[in-house]
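Asker: Sharing a structure with you now.
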There are 2 protein chains.
Amino acid sequence: MPVQTSPRVAALQNVATRLRIDSVLSTSEAGSGHPTSCASAAEIVAALFFSEMRFDPRDPQNPDNDRFVMSKGHAAPLLYAAWAEVGYIPREHLLTLRRLDSDLEGHPTPRLSFVDVATGSLGQGICAAVGIALNARRIKSEYRTYVLLGDGESSEGSVWEAAEIAAADRLDSLCGITDVNGLGQSGPSIWDHNMDAYASKWRAFGWHALVVDGHDVTALLDAFEEARGTKGRPTMILARTLKGKGISLAEGKQGWHGKAFKKGDELRKVLAELESQIVPEEGPAPLPSGPRGHSASSAPVKGSVGTPSYKIGDTVATREAYGSGIAKLGNADNRIVALDGDVKNSTFSEKFEEEHADRFYENYIAEQVMIGSAMGLASRGAIPFPSTFAAFLTRAYDFIRMAAISNLNVKIAGSHAGVSIGEDGPSQMALEDLAMMRAQPNMTVIYPCDGVSTERLVELMAYHPGPVYMRTSRPKTPVIYGHDEAFAIGGLKILRQSTGDVATIVAAGVTLFEALKAHDELKKRGIQIRVVDLYCLQPIDAESLLECARVTKRVITVEDHYAAGGIGDAVATAIAPGGFTVERLCVREIPRSGTPEELLDRYGISASHIVAAVEPKA
Amino acid sequence: MPVQTSPRVAALQNVATRLRIDSVLSTSEAGSGHPTSCASAAEIVAALFFSEMRFDPRDPQNPDNDRFVMSKGHAAPLLYAAWAEVGYIPREHLLTLRRLDSDLEGHPTPRLSFVDVATGSLGQGICAAVGIALNARRIKSEYRTYVLLGDGESSEGSVWEAAEIAAADRLDSLCGITDVNGLGQSGPSIWDHNMDAYASKWRAFGWHALVVDGHDVTALLDAFEEARGTKGRPTMILARTLKGKGISLAEGKQGWHGKAFKKGDELRKVLAELESQIVPEEGPAPLPSGPRGHSASSAPVKGSVGTPSYKIGDTVATREAYGSGIAKLGNADNRIVALDGDVKNSTFSEKFEEEHADRFYENYIAEQVMIGSAMGLASRGAIPFPSTFAAFLTRAYDFIRMAAISNLNVKIAGSHAGVSIGEDGPSQMALEDLAMMRAQPNMTVIYPCDGVSTERLVELMAYHPGPVYMRTSRPKTPVIYGHDEAFAIGGLKILRQSTGDVATIVAAGVTLFEALKAHDELKKRGIQIRVVDLYCLQPIDAESLLECARVTKRVITVEDHYAAGGIGDAVATAIAPGGFTVERLCVREIPRSGTPEELLDRYGISASHIVAAVEPKA
C-alpha cells in the first residue's frame, strides 16, 4: 500500500487500524465472532464515522443525525468499536462483547441507543434503511442514511426489493456501501470479486453505482462526496475489499469466517501485525461535527378515530373499517404512516392514501421491503401501518421476527384471513397468521369482528408500545357494537350469557357471527351458551376466560385458522392453570376454493358445527 | 393488428382467442376471477402449448414432458383453458371453475395432474421452475422448463433470487416469459411499459433477455426459438402486452383487475367482440408432438443410513448427524438431493456435497429460492433436503406454506434451534420454527436429541409422504440410543419411568438432557419423574402421552422455543381429551447473547428449573 500523505487520510487510516484491533480484541476475548468480516470494512466505517457522516456522537438518537445501519450485522464488533472510537462507549467495555451482562450482543440490537434496528438476518438492514430515509422526508430533516451490506448478503431477494423501491421513491439521501470481500461463510461468494456483476445490477435497478477500492480512504471519501451530489436516485458504493484485511493469517483466505483468533500466540501475532500498520499522523481524526441541520420538531399529538364511521345495523368488512380507522387516525398525528403491497384497494389502506398521500408508501408486490421499511420508519419515530393479505405476511416473517427482536412500533395489518375469503383458494387464505404472530412473545395480536371494534382497536394499537398485528376479514359483517363500547388491549367481550350456560364458545372475527347464530339456534332448543368475542388474543384476558370455564365447564373455541397456534391454543394456555381444557373447531386440512359459506361449513367452523359440538352426543 | 398470413400463425391466433373466450366464460360463470390477466397472456400460452412446448397432452406427468409453470397463478383460467384446448380436460368442465366440487380452483394446485406446484403467491413459480430445470439434469432428460410471470410479480425479491441462482447454475433449459401488461392490482405496475427497465435487470443478472410484442405470435415463436438456441444461460422473454387484450371494455384500462364480466349484456358484448377476432384458418393448430427425448428411467431404490455413525457414549451435534445421515441416504437413492444457503459447514449438508456433489445445490444466501427450488425438484420426483439455520427458514415461510398446499415431498432441515446456540444472539436463534411448521396441518415435525435418532429419523423423513421438518441443534449432545433402537414417524420414547412417578417431563432436543439431569437430581431427593423424548411433534403420539398423564397426573413440557406453538401446545392439545393440562417451561421473552448454559438457565429451561417445577411448592 502506498504511504498516504494527506493528514486526514493518515488519521482515518489509523482509525481503521484501531477498529480492526478492537474487533480482534473483543472477539478473541469473547471466544467467538467475526473479526475478518469486520476487518474488510474498517476503512469504510472509519471514513463514514470520522469524515462523511454528520451526527452528534454524544446523542445517537438526535433526530437529525445521519443514520448508519449495519446490514451485515455479524460485523457488530466493528460498529461497537466505532462508537468507542467516537467516545460514546468506553473502549474497555468492548471486551464485554457477547456476554450475558452486556448489551454488546453478537449481532446489534436496539438495546443499544445507537442501533435503530436489529440486524443479523441478512438483507434486512437495507430495507430498514429505506424506511429511515423515507422518515427524513416525513420530518423534513436533511439527515442522510448510510447502510453497509455484505456481498454475500446481496443474494437475498429483499435487497432487490429495497433497491427497486428506493429507486422508485428517488431516495437520494440513501447511500449503500457493499463490502465486496469475495468470501461468504462456506466458500467464495457467488460473484467473487467481479465488481461489474454487482455494479451492473445496481445500475439496472436505477441506482447510481460506483466501484472503489474499499481499503483506499481517499477513494472512499470521493465516493461519498459523489453520492452526496447525486440527485434523484440513491447511490451504491461497491467497495472491493479483502476479508481479514491487514491480518496475513486470514487476509483473503477461506476458512476464517466467524472465527475469533485464539488468545495467546495467535492473537499476539495478529495484534502486532495490526499495530505495525499505524502510520505517522499529525493529529487524530476530528470528531463528527453534528447534524446537517435541525428539523422543526413539535410535541407529538395523538390521533383519534373519533366517532366510529359505522353504526349498529350497518354491514362492513373489518378490512374496510381498518382503512377508515387509520385514515382518521392520521388526521391529527403525522407520525401515522401507511404502507401497502399493491393491494391497497383490498386492504383499504387506500383510504389512508386518499387523505394523506405524502405519508402513504406503495411497495408494489414486495412484502419484505414493506415490513423492513416500516421497521426503519418506526425506529425513527413514525407509527407505520403496513398492510397486505395476511397470507402474504408469511413472506415477511423473518422481518416480523426481527421487528419483534427490535421491539419496534410496527402496526401490521393482514386482511383476507381464513377460508371465509372463498373462491380464490388456499394460496390467498391466511390460516397460520395467528400462529406466526402469537409465537413472537412481545407481539400484540388483535382480531376484531365488526367495524366499530376495528376502528377502536386501530386507535389502541397505534399507541400500544411494541409490535402489534391486526387480522381483518374479507366478508362484510354486521356492526354489533355501539359507539360507546369500550375496548382494551388484552380485553374480550362476553356477548351472550345466562345462568344456565352449558358451554362457553370463544370466537373472533367471522366465526363470532357463527357463534351468535349457534346461540340463537340452541336457545330455540332450550340450550344456553355463553359467547365470547376474543378480539385480543395476545395479551389474553385469562381471568375472564377462567371465570367462564369455572361457570360453564365446557369451553369450545371456533376459529377460521388452522389447529395450531390460534385461538384454541391461546385459550387453552389461558385456562390451563384452572385445570380446564378446550374443544376446538378449526380448519384441519388444506382447504380449497368454494363460496365462503360452503367453506365455513365444509371445514367445520360454521354455526351448525358449533350447535353439533354443544349438543349432548346421542 | 396486421392480418396474419401464415396458416400456423392464424391457427395459433385463433387458439389465443379461444383461450380468451374460455377464460372470460369460466370466470363469468364463477362470478369472480381474473379474466383480464388471462387475456394479456393468451398468445404467449397459445404459442407455448401449440408450437414451442414438447409434451404428451394425454400424459401431463410424463417425466420427459416440457414443463410449464404459471407463476402468475391468478391467470389460472388461462392455464385450464389451454389444457382443455389440447383435449386433456373437457371444455365444458371449465365452467366448474372455483366451485367446491371442482379441482379447477381459483389458483392452480397440484390436485390437477398438469400442475407441478401451487401458485398464487407471486414470485414463487420461477423459484420452483429453477428446481424443475435442475431436475432435468438430475434425470438426464432433455425437457425444457417454461415459466410465465407477471410484471407486478417481478418486484418480489424471490424473483431475483431465482434469477441469480439460475444464472449461476447456467440453466439454459429454463425460459421465462414476463407478461408485461403494465397494470398491477391497484394501479400501474412499478415500471409501467418501460420494457428496458425489465430487460436491463435480467441482463444484469446474467440472463439472455429479449423484448417482444406479446400479442405477435410470430415474434413470440422467434423468441422461443432464440431461447432454445441460447446456451450457458437462461432466457427471459419480456412480452409487451395489454391487460384485457381484445376486450375494448377493459383493454389497457385500470379498475379491471380481478373482476369477472357480468353475465348478461356485458358478457354477451365481450364474447361477441372476442368471437369477431377469429381469423380464417386452413386448419387447427396441430397438437403437441410429444417429449423431446426419453430419459433412462429406472425403478426408484430406497436409500438407508445403515449402521448409525455414532454409538452410545459419543457426543455429536444433531446437525452433524443430519449431515452424515443424508450423505449415507444418498448413496443408493439418486432421488435424494440437498440444498443449502451458504451455511453448509454449519448445517453439515457439506457432508452430502462431499459424497454427491452433482446432487448438491448451493443457493448462497437466498432462502426463498432454496425452498422454492426444492419444491420444483420434489414436484418432479426428487427428494430434496434443503437446510439452513432454522431462524432463516422464517425467510421462506410463504414458500413453506405453499409447499404444504402442494403437499410436496420437501424435507426441510433447520439447524441452530433455540437459545442453546449461545453467543450469536437472538437474530440467529430459531424460537418460533416449531410454531410455524406445526401450523401447517400436513407438515411432519421432527426434533431429535442425539446422533443415532437423527440418522434414523433422516431416513424415515425421506420416505414419509409430504412435507417434513427436522429441527437440529448446535451443541454437541451425548448419544443415548443404541443401534437397534427403533423410531417411527408419530412416535416418542419414554426414557425414564417408575411406578412412583409424580410428573411427566416432555422434552426434545437439548432440553431432553436437562430433563435427564433433573431426573437424576430429583431421584437423589427421593422424587421420581417420567421423562419423554418427544422426537416427533407432529403427528404426535397422543395415546402414550395420555397414558403418562393418567399415571403421573402432572405433565410438564420443557422446550428451547417460545411459549406459543411448540412442544407445550402440541402436548396440551394431545392430552386435552383426557382433561389434562400442561405446565410449560419455555422461553418467554426475546433472549440475548450469552453462553448456552447461561441462556438455558436464564430463560428457565435448564435442569434446575425442571427440578424447581417438579418439587412441591414450599
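Just so you know, all these numbers are worked out from the coordinates, no wet-lab data involved. Values in this document were obtained by computation on a predicted structure and should not be read as measured data. As a convention, Cβ positions derive from the backbone with ideal geometry for all residues, glycine included, and neighbour counts pool all protein chains shown.
Asker: In nm, what does the list of distances from A:T499 to its counterparts in the other copies look like, shortest first, when each label sits 7 Å along Cα to Cβ?
Answerer: 5.1
Asker: Whose amide H sits under 5 Å from the amide H of A:T444, counting only residues 5 or more places off or on another chain, with H placed in the peptide plane?
Answerer: HN-HN under 5 Å from A:T444: A:V468, A:Y469.
Asker: With both partners inside chain B, how many of the DSSP beta bridges are antiparallel, as a percent to the nearest 5?
Answerer: If I count the DSSP bridges inside chain B, around 15 percent turn out antiparallel.
Asker: Taking θ = phi - 60°, what integer Hz values does the Karplus form 6.51 cos²θ - 1.76 cosθ + 1.60 yield along the range A:340-353, in sequence order, with x for Gly and Pro?
Answerer: After applying 6.51 cos²θ - 1.76 cosθ + 1.60, I find 8, x, 6, 9, 4, 7, 9, 7, 6, 5, 4, 5, 5, 4 Hz.
Asker: Mind running the shape call on the range A:513-568? Use the C-alpha gyration tensor, a ≥ b ≥ c as the square roots of the eigenvalues: rounded below 1.5 for a/c, prolate if a/b tops b/c, oblate otherwise.
Answerer: It comes out oblate by the Cα gyration axes.
Asker: Counting every Cα pair in the range B:1-159, what percent are over 27 Å apart?
Answerer: Cα-Cα pairs in the range B:1-159 separated by more than 27 Å: 21 percent.
Asker: When only C-alpha pairs under 8 Å and at least 6 residues apart count, what is the relative contact order of the range B:459-569, in percent?
Answerer: Reported as a whole number, the value is 31 percent.
Asker: Distances over 17 Å make up what percent of all Cα-Cα pairs in the range B:34-78?
Answerer: 38
Asker: Could you pull out every one of the lysines with an alpha carbon less than 20 Å from that of B:K245, ignoring same-chain neighbours closer than 8 positions?
Answerer: B:K72, B:K253, B:K259, B:K262, B:K263, B:K269
Asker: Please work out whether the range B:407-475 counts as rounded, prolate or oblate from its C-alpha gyration tensor, where a ≥ b ≥ c are the square roots of the eigenvalues and a/c under 1.5 means rounded, while otherwise a/b larger than b/c means prolate and anything else oblate?
Answerer: Oblate, because a/c is 1.5 or more while a/b does not exceed b/c.
Asker: Based on the Cα gyration tensor of the range B:102-219, what are the three equivalent ellipsoid semi-axes, each the root of five times an eigenvalue, rounded to whole Å and given largest first?
Answerer: 23, 20, 14
Asker: Another one. Quick one: what do you get for the range B:557-618 if you divide its Cα Rg by 2.2 N^0.38 Å?
Answerer: Normalised Rg, Cα atoms only: 1.22.
Asker: Percent relative contact order of chain B, based on C-alpha pairs within less than 8 angstrom and at least six residues apart?
Answerer: That works out to 12 percent.
Asker: In degrees between 0 and 90, to the nearest 10, how far off the longest principal axis of chain B does helix B:542-552 point, with axes built from Cα atoms?
Answerer: That works out to roughly 20 degrees.
Asker: Could I ask something else about it? Compute the Cα gyration tensor for chain A, then decide on rounded, prolate or oblate, letting a ≥ b ≥ c be the square roots of its eigenvalues: rounded whenever a/c is under 1.5, prolate when a/b is larger than b/c in the other cases, and oblate in all that remain.
Answerer: prolate
Asker: Sorted by average packing, counted as other Cβ atoms within 10 angstrom per residue and highest first, what order do B:243-255, B:145-157 take?
Answerer: B:145-157, B:243-255
Asker: Just tell me how shielded B:589-599 is by partners: mean number of partner chain Cβ atoms within 10 Å of each residue's Cβ, no decimals.
Answerer: 5
Asker: Please give me, ordered by residue number, the trypsin sites (Lys or Arg not before Pro) of the range A:95-176 that lie in loop per DSSP and have at most 15 other Cβ atoms within 10 Å.
Answerer: Qualifying residues, ordered by number: A:K140, A:R170.
Asker: Find every distance from the label point of B:R54 to the corresponding label point in the other copies (7 Å from Cα along Cα→Cβ) and write them in nm, one decimal, shortest first.
Answerer: Reported distances to equivalent positions: 6.5 nm.
Asker: Note down the relative contact order for the range B:445-489 as a percent, whole number, built from C-alpha pairs under 8 angstrom at least six residues apart.
Answerer: Normalised by residue count, the contact order of the range B:445-489 is 56 percent.
Asker: As a test of the formula, what do you get for chain B when each DSSP H run with n ≥ 4 contributes -39,500 (n - 2.57) and the sum is divided by the residue count, at 222 nm and rounded to the nearest 500 deg cm²/dmol?
Answerer: Counting only the DSSP helices, I get -11000 deg cm²/dmol.
Asker: To continue, here is another question. Expressed as an acute angle from 0 to 90° and rounded to the nearest 10, what is the orientation of the C-alpha long axis of helix B:367-379 relative to the principal long axis of chain B?
Answerer: With both axes taken from Cα atoms, the answer is about 70 degrees.
Asker: Under the rule of at least 5 residues apart or a separate chain, name every residue whose amide H is placed under 5 Å from the amide H of B:I336.
Answerer: Residues meeting the amide H criterion: B:I383.
Asker: Please work out the Cα center distance from the range A:218-294 to the range B:281-302, rounded to the nearest Å.
Answerer: So the two Cα centres are separated by 57 Å.
Asker: Next question. Could you tell me the calculated FRET efficiency between B:R268 and A:S498, based on Cβ-Cβ distance and R0 = 41 angstrom, to the nearest 0.05?
Answerer: 0.15
Asker: Ok, one more. Report the rotationally averaged projected area of the range B:42-135 based on its alpha-carbon convex hull, in square nanometres.
Answerer: 5.8
Asker: With angles folded into 0 to 90 degrees, how steeply does helix B:76-85 sit against the dominant principal axis of chain B? Use alpha carbons for both and round to 10.
Answerer: It works out to around 60 degrees.
Asker: Given H placed 1.01 Å from N in the peptide plane, which residues other than close sequence neighbours of A:F68 have an amide H under 5 Å from its amide H?
Answerer: Under 5 Å from the amide H of A:F68 lie the amide H atoms of A:Y146, each far enough along the sequence or on another chain.
Asker: When the Cα atoms of the range B:249-305 are enclosed in a convex hull and the volume is divided per residue, what value in Å³ results?
Answerer: 298
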